[in-house]
Amino acid sequence: MIDTIEDVQRRERDAEIYCLIGEDNVAELAKWHRFVELEKIVRFVVLDRTGGPANYSYEIIRRRIDISATEIRNRVASGQSIRYFVPQAVEEIIRREKLYQEQPK
């Protein structure tokens, strides 16, 4: 992930980069490849899945719709719309960078 983030930083120098992560994955963050570096260059935002108390210092978003990142990726891969599931700017980046599209085998 950090290689991708660094690439985006080179192309979008003034962009503030956010990393959205499900609450159930926060405990695993320290195990991520080059996490210490990653934490310095992105802003982690936790998507609350339980509504319980948070034991971490990252910003929390209480979910408004029931959708997962996996579902977003699957919708993109199958050619379905993600309009209203993600901000328009995010949708444009996904489309422009051809993210989550099925790769030829």
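The values are calculated or read from the model by the stated rules, or taken from the named source; none is laboratory data. Just so it is clear, the structure is predicted and the values come from calculations on it, not from any experiment. Virtual Cβ from ideal backbone geometry, glycine too; neighbours counted across all protein chains shown.
Quick rundown of the values:
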{"item": "Hey, Tyr84 modelled with pLDDT under 90, surrounded by 10 or more Cβ atoms within 10 Å (Cβ to Cβ), touching a helix residue (DSSP H, G or I) at 6+ places or on another chain (Cβ under 9 Å) and not small (Gly, Ala, Ser) or not", "result": "no"}
{"item": "Segment 1-43 - residue that is surrounded by 13 or more Cβ atoms within 10 Å (Cβ to Cβ) and aromatic (Phe, Trp, Tyr) and, of those, nearest to Glu71 (Cα to Cα)", "result": "Trp32"}
